[in-house]
Amino acid sequence: MTLRWSVVPLESVGPLRFGMTMAEVVAAVPSAVELRRFVADPFADVVGIQFGFPALYAYFDRSGQLFCVAADAVSGPQLVLDGMALTGGNPSELEQWLFDRGGLRYGPRANPGIDSLGLVMRVQLTAGGLQTRPVLVGRNWADRCTDDWEGAIPECEWVGHLWPDLRYPERAKTWPPT
């Protein structure tokens with residue numbers, strides 16, 4: 001990871017501000033390689049953009065506003081909140097850090113997060129084992145963000161491995177299908 005982005009809870013992730021349009025997001029990260037646009041949640045009319053470098057996903061609600069950002073544990077930007085590196089970390093250390101902050105909640109699939117920060121810590125299987133993959137939402141979408149049933153985080157973020165471990169090509173299926 002070469003990029004280091006500061007997180008301002010509920011407001012921004014590096015150069016990306018929640019509420020931006022797709023065009024503004026693409027312009028905010030000129031080095032980003034857009035790989036595809038896709039339907040991220042068929043039940044909520046959510047559109048996603050997958051970027052290859054830095055490896056991240058940006059999600060837009062039906063009004064076209066950025067509301068969710070997820071960073072790849074290996075190739076995504078290093079997201080930093082209050083001095084803590086959130087991307088590519090040890091899951092148990094990040095879980096303890098969240099616990100120490102207070103307000104820790106667990107969703108139905110046992111993902112730890114803090115709704116008041118708009119943060120859910122997912123894990124990703126990498127060559128080095130499980131590493132953290134932060135998923136963040138803006139203020140208008142933070143209510144129950146840790147809940148995969150009632151929260152705003154798109155369905156594709158909760159299903160399967162978005163960035164499969166290439167050592168296991170038989171598992172190299174992504175959601176949503178390409």
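For Arg62 and Asn90, a Förster radius of 41 Å and the Cβ-Cβ distance give a FRET efficiency of 0.65, rounded to the nearest 0.05. One compactness figure for the range 105-150 is 1.18, namely its Cα radius of gyration divided by 2.2 N^0.38 Å.
Which residue, Val123, Val33, Val47, tops the fluctuation ranking in a GNM of the chain built on C-alpha contacts under 10 Å? Largest GNM mean-square fluctuation: Val33.
Counted over all Cα-Cα pairs of the range 70-153, pairs farther apart than 15 Å make up 53 percent. As a size descriptor, the averaged projected area of the C-alpha convex hull of the chain was calculated at 9.2 nm².
Surface exposure of the chain, expressed per residue as accessible area with a 1.4 Å probe, stands at 48 Å². Here the accessible area is traced with a 1.4 Å probe on the protein chains. For the range 21-86, carbon and sulfur cover 61 percent of it.
The alpha carbon convex hull volume per residue for the range 1-62 rounds to 86 Å³.
The values are calculated or read from the model by the stated rules, or taken from the named source; none is laboratory data. None of these values were measured; they are calculated from a predicted model. Positions of Cβ are generated from backbone atoms using ideal geometry, with glycine treated the same way; all protein chains shown enter the neighbour counts. Quick note on the areas: whole protein, heavy atoms, side chains included, nothing else; ligands and nucleic acids left out. Shrake-Rupley method; radii C 1.70, N 1.55, O 1.52, S 1.80 Å.
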